[in-house]
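The values are calculated or read from the model by the stated rules, or taken from the named source; none is laboratory data. The model shown is predicted, which means the values in this text are computed figures rather than measured ones. Quick reminder, even Gly has a Cβ in these numbers, built from the backbone with ideal geometry, and neighbours come from all protein chains shown. With ligands, DNA and RNA removed, areas are computed over all heavy atoms of the protein, side chains included. Shrake-Rupley method; radii C 1.70, N 1.55, O 1.52, S 1.80 Å.
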2 protein chains.
Amino acid sequence: MQSTTLEKQLGFLREIDRLKTVVRQSPLLDQSRKENSAEHSWHLAMYALLLNEYACGPVNTNRVIQMLLLHDVVEIDVGDFPIHGQPSSELQAELESRAAARLFGLLPQQQGNELLTLWQEFECAETEDAKFAKALDRFQPLLANVFTGGGTWTENGVSLEQVFSRYGPVIKRGAPRLWNLCEQWVTQHFARQASGMPRKAS
Amino acid sequence: MQSTTLEKQLGFLREIDRLKTVVRQSPLLDQSRKENSAEHSWHLAMYALLLNEYACGPVNTNRVIQMLLLHDVVEIDVGDFPIHGQPSSELQAELESRAAARLFGLLPQQQGNELLTLWQEFECAETEDAKFAKALDRFQPLLANVFTGGGTWTENGVSLEQVFSRYGPVIKRGAPRLWNLCEQWVTQHFARQASGMPRKAS
């Protein structure tokens, strides 16, 4: 039996409930637990709503919000690839593409294609909107680490240089003024660590 | 010392991390735990992105998404008022207004006022955008209950008539075609309960 348009849409909305169970590396700021990818996506959308003035170029805030709402749904099939792990980026891209095809394929064709195209735009990171969205996707977990006195950096023995190389280029490209602030906070964080006075950023 | 614009924005974004710790009554669809208000807001924004064709009138999907992203932040101060509890709605409105003033007051003035105005529009539920947003905010937990074979209805001993009166008017007003579906599913659910054959909707 053919599904109706609404049945397909609700099938997709039901399936993506599972994003709430995908656990990321980043902690909540109260450190009570790790963040999941659904609430991370919500938080990023709020970042986009408020910080558009820091984008490297003119951006369409609503498109950036939409991109960030759906950027992680592929993790339902493939899980979260941590920034401090070293997976094959080619394999990751292949798995995520398959997941995007399956998930957006649950939707009515035209709507599914629109969302798939938006997801691909995010992944390619060539448009101003996508560059800004990618920058926020790095900026938010960086802040989580700074605000919790180390977070995943401490857990993974990550150095100042590694933070600069893993977060820097993406944030600088999409939101240069936000990266200026990051440089300052990250430098202060590691200076404190080195001096044996770990302290949360105030 | 005066905070800069960016410091105020980050102060707000840091504060609303706490929405991830506000636990709602509704279960995740896999029933592993209750949903929190941050991931609920993400899910609702996805509902708005996909279901705008079912709105009662012409809606601006991006405004509806923005409304839903921020509609629950007041719960950081006042918690979630469950639909099946019976709090004083006057007291609830007063507490939520104060919370909105405090939270959006963390932002630079113009930006804070814009968000406060959007939140108030949602609360008043007079515009087409707000009516549709409110309808989705009722529709999503109703589906969670149907898809988990009862959810909060079973826990709270809620009857068919109570479901109809608590969810019906708001969903019907903002998204009448979605309410038609709800009526059907809710009726089937309670018929199964009555016949002693509880079963999850497929």
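Below are the figures for this structure:
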read-out	value
Residue mean of other protein chain beta carbons inside 10 Å, A:61-71	3
Alpha carbon convex hull of the stretch B:1-65, projected area averaged over orientations, nm²	6.8
Shape category assigned to the stretch B:73-140 from the gyration tensor of Cα positions, a/c cut at 1.5	oblate
Heavy-atom accessible area, 1.4 Å probe, ligands and nucleic acids excluded: residues of the stretch A:8-35 down by at least 30 Å² from chain alone	A:Gln9, A:Leu10, A:Leu13, A:Arg14, A:Ile16, A:Asp17, A:Lys20, A:Thr21, A:Leu28, A:Leu29
C-alpha long axis of helix B:160-174 to longest principal axis of chain B, angle in °	50
1.4 Å probe accessible area per residue over the protein assembly as shown, in Å²	43
Accessible carbon and sulfur surface of chain A relative to its total accessible area, %, 1.4 Å	49
Nearest-10 value in Å² for the accessible area of A:Glu7, using the 1.4 Å probe	90
Shielding by partners - mean other protein chain Cβ count within 10 Å, residues of A:133-144	1
Separation between Cα centres of the stretch B:1-64 and the stretch B:101-137, rounded to whole Å	12
Chain B: angle of helix B:5-15 to the longest principal axis, Cα-based, in degrees nearest 10	30
A:His189 accessible area, 1.4 Å probe, all protein chains in place, Å² to nearest 10	10
222 nm mean residue ellipticity, helices alone, for chain B (DSSP H n ≥ 4; -39,500 (n - 2.57); rounded to 500)	-21000 deg cm²/dmol
Using alpha-carbon coordinates, inclination of helix A:176-194 to the longest axis of chain A, degrees	50
For the protein assembly as shown, diffusion coefficient by Stokes-Einstein and Kirkwood Rh (Cα), 20 °C, 1.002 mPa s, µm²/s	97
Added length on full extension, which subtracts the Cα-Cα distance from 0.36 nm per residue, A:Thr187 to A:Ser159	9.0 nm
Within 10 Å of each Cβ in A:46-58, the average number of Cβ atoms from other chains	4
For the stretch A:142-202: Kirkwood Rh in Å [reciprocal of mean 1/r, alpha carbons]	11.6
Principal axes of the stretch B:1-143: Cα extent on each, largest first, Å	49, 35, 30
